[in-house]
Amino acid sequence: MTTPLKNAKLGFILSVFTAFIWGNVPIALKEMMQVLDAPTLVWYRFLIAFLILLPILAVKKDLPFRKIQKNPKFLILLSILTLGIIGNFILLSKSLVYTTPTVVQIVIQLSSVGLLFAGVIVFKERLSRTQLLGVIILVIGLLLFFNTNLIEMISSFNDYSLGVVLALLGALSWVFFALAQKVALRDFSSLQILLILNGIGMIFLLPFVNFSAVLTLSTTKLMILAYCGLNTVLGYGALAEAMRLWEVSKVSAMITFTPLFTLGFSLAFAAMWPTVFEHPSLNFLGYIGVFTVVFGAMFMVIGETLIRSLTQKRAK
């Protein structure tokens, strides 16, 4: 029999694994964007993930198609959800052409801020002072992170600025996806949703796919492409299982470490293969900014619980 302690340990491991997986995928995507356009790359990510998920859900007898057949109106919500993730995938992939994986991963953290305020507006959720403080800390972290490029980004719109804007739009697109997913989760499991959005996503992107480009890829690039598709299943699958085994707030807190994994991978790969991977051009304040952004994002999630716990300990 599985104990709560074992569940918590496994939930923790799966949460760290999710952050690890999501932390390295921007580096793989940046490599693929040198040889594929964004719609083609995203289409193959959808295809690979769909082919992995379909037999898994079929064996579990958990395919969602009968639900959709009984209520075709589900397709409207699922299509909105799919458009959100398509926008997120394409915009983030395109942003990697102009900037680094670490920059993109840091900007993506703004999606948690967007979702926080969207929850207040759409679902009438409460915005606490602790969450607002977390937002302020995150914004300060962003200013520190961009300390060497901020003035340049404002004064002259260059390639770096374009990369940041595309990543920002990608984060906004993810907010729309997350809102639609929150509604869809009332009727579908997270893996069912992942299968559906991959399927619908392939249909939506089909007119824009350059199939011939994949035929010219080297074995290494094909392996990276396969990993990009596998990453989608591993990341979202591990996240769903972690949330089943562990408290959602704690899982969400662990996911905020994703930019640290991206920075770590970028530094390690640049050291091992300096001619292939770009070294993150950060000064001391930039590194402080990365940790500040992560702390701000984490504080938004568990700050209130943390303060309550510390207050109770002092009271005792």
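The values are calculated or read from the model by the stated rules, or taken from the named source; none is laboratory data. Quick caveat: nothing in here was measured; it's all calculated off a predicted structure. Please note: Cβ atoms are built from the backbone with ideal geometry, for glycine as well, and neighbour counts cover all protein chains shown. In case anyone asks, the SASA skips ligands and DNA or RNA and just uses the protein heavy atoms, side chains included. Shrake-Rupley method; radii C 1.70, N 1.55, O 1.52, S 1.80 Å.
Screening segment 14-54 for residues that are under 12 Å from VAL214 (Cα atoms) and β-branched (Val, Ile, Thr) and picking the one that is surrounded by the most Cβ atoms within 10 Å (Cβ to Cβ) gives THR40.
Given the options ALA242, ALA213, ALA271, ALA253, name the one that is touching a residue at least 24 places away in the same chain (Cβ under 8 Å), loosely packed, with under 15 Cβ neighbours inside 10 Å and part of a helix (DSSP H, G or I).
Numbers: ALA242 fails: loosely packed, with under 15 Cβ neighbours inside 10 Å; ALA271 fails: touching a residue at least 24 places away in the same chain (Cβ under 8 Å); ALA253 fails: loosely packed, with under 15 Cβ neighbours inside 10 Å.
Of the residues listed, the single one that is touching a residue at least 24 places away in the same chain (Cβ under 8 Å), loosely packed, with under 15 Cβ neighbours inside 10 Å and part of a helix (DSSP H, G or I) is ALA213.
Tell me whether segment 218-239 contains one or more residues that are open to solvent by less than 20 Å² (accessible area, probe 1.4 Å) and assigned to a loop (DSSP other than H, G, I, E, B). No, segment 218-239 contains no residue that is open to solvent by less than 20 Å² (accessible area, probe 1.4 Å) and assigned to a loop (DSSP other than H, G, I, E, B). Would a scan of segment 136-148 turn up a residue that is out of contact with any strand residue (DSSP E or B) (no Cβ under 6 Å at 6 or more places or on another chain) and more than 27 Å from GLY296 (Cα to Cα)? Checked against the condition, which is being out of contact with any strand residue (DSSP E or B) (no Cβ under 6 Å at 6 or more places or on another chain) and more than 27 Å from GLY296 (Cα to Cα), segment 136-148 yields no hits at all.
Kindly check whether there is at least one residue in segment 127-145 that is without any contact (Cβ under 8 Å) to a residue 24 or more places away in the chain, surrounded by fewer than 20 Cβ atoms within 10 Å (Cβ to Cβ), of a type in the set (A, V, I, L, M) and farther than 30 Å from GLY286 by Cβ. Show your work before the answer.
Just the residues of segment 127-145 that are without any contact (Cβ under 8 Å) to a residue 24 or more places away in the chain, to begin with: 127, 129, 132.
Then drop every residue that is not surrounded by fewer than 20 Cβ atoms within 10 Å (Cβ to Cβ), which leaves 127, 129, 132.
Keeping just the survivors that are of a type in the set (A, V, I, L, M) gives 127, 132.
From what is left, the residues that are farther than 30 Å from GLY286 by Cβ are none.
No.
Each residue in segment 283-298 was checked for being open to solvent by less than 40 Å² (accessible area, probe 1.4 Å) and over 12 Å from GLN109 (Cβ atoms), and 1 of them qualify.
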